[in-house]
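The values are calculated or read from the model by the stated rules, or taken from the named source; none is laboratory data. Model, not experiment: these values are computed from the prediction. Every residue, glycine among them, receives a Cβ derived from its backbone with ideal geometry; neighbour counts consider all protein chains shown.
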C-alpha cells in the first residue's frame, strides 16, 4: 500500500513540475501594430489608400448611376418638338433633365440650321466632355490597385531586412522563434497591400463597365438625333 501511495506522489509531483505552455495568439490588429515603426507607417499609408479607394468608388458609382437615368420617352418628345418646329420647347425639355444624354441633345439642337457635319462635331465634342466628367478620379483607383501591393511588399522587405540584421548582430544567439516572428509580422504589410489592391482593382473595373454603358447610351442618342435631322420634312 505504501508503495502505491509513493507512486501516486511521484506522478503528481511530475505533473506539477511540467511547465505550462501558453498558446500565443495574435489578432490581425496586433500583427499590424507589431511590425515596428516602419511597418506601422506602411500600414497607415495603406489605410489611407483604402479609404480613398472606397470613397472614390462610391462617389463615382452614384454619379454614374445618376447619369444613366434617362426618361424612356425623352427622345420621342424631342423628336415631336423638332419635327413640329418647337425648337425652344425641345431645349427646355433637355434643360429639365440633368443627364449627359440631355446635354448632348441640347448641344445638337442649338446647332440646328448649321451643316450636318458641324452638328456632328459639336455633339462629339460635348460627348468627350461628358465622358471626361464620368471618368473623373476613376484612374486614381487604377493607380491604387497597382501601387498598394508594391507598398505592402516594400514594408515586407523592410521588415525582413530588420529581422536578418538583428540575427546578424546577435552573433547567432537569436532564437529561430524570434526570427520567425519578425518574418511573419513583416508579411502582414504584403497581405494588407494585396487586400487594398484587390478592392481597388475590382472597384475600378466595375466603374469602367458602368461608364461604358452610359457612353453607349450617349452614342445611341447621338445617332438617333442625327437620323432625326436627316428625316425628310
Can you confirm whether residue 59 is out of contact with any strand residue (DSSP E or B) (no Cβ under 7 Å at 6 or more places or on another chain) and exposed (fewer than 12 other Cβ atoms within 10 Å of the Cβ)? no
Return the residues of region 68-79 that are surrounded by 14 or more Cβ atoms within 10 Å (Cβ to Cβ) and assigned to a helix (DSSP H, G or I); say none if nothing qualifies. 74, 75, 77, 78, 79
So residue 65 ticks every box in (1) surrounded by 13 or more Cβ atoms within 10 Å (Cβ to Cβ); (2) touching a helix residue (DSSP H, G or I) at 6+ places or on another chain (Cβ under 8 Å); (3) under 30 Å from residue 195 (Cα atoms) but one. Which box is left unticked? (1)
Does residue 102 satisfy the criteria of being assigned by TED's automatic domain parsing to the domain that holds residue 201, buried (at least 18 other Cβ atoms within 10 Å of the Cβ) and closer than 23 Å to residue 210 by Cβ? no
Report yes if residue 158 is surrounded by 14 or more Cβ atoms within 10 Å (Cβ to Cβ) and in the same structural domain as residue 227 (by TED's automatic domain parsing), otherwise no. yes
Which residue out of 177, 182 is more than 12 Å from residue 49 (Cβ to Cβ), modelled with pLDDT under 90, more than 27 Å from the chain's Cα centre (by Cα) and surrounded by 14 or more Cβ atoms within 10 Å (Cβ to Cβ)? 182
Go through the residues of region 98-115 one by one and say whether even a single one is modelled with pLDDT of 85 or more, touching a strand residue (DSSP E or B) at 6+ places or on another chain (Cβ under 9 Å) and over 30 Å from residue 49 (Cβ atoms). no
All positions within region 80-116 that are more than 40 Å from the chain's Cα centre (by Cα) and in a helix (DSSP H, G or I): 80, 81, 82, 83, 87, 88, 89, 116
Any residue at all in region 204-220 that is part of a helix (DSSP H, G or I), farther than 25 Å from residue 104 by Cβ and modelled with pLDDT of 90 or more? yes
Residue among 87, 123 that is touching a strand residue (DSSP E or B) at 6+ places or on another chain (Cβ under 9 Å), farther than 30 Å from residue 187 by Cβ and surrounded by 14 or more Cβ atoms within 10 Å (Cβ to Cβ): 87
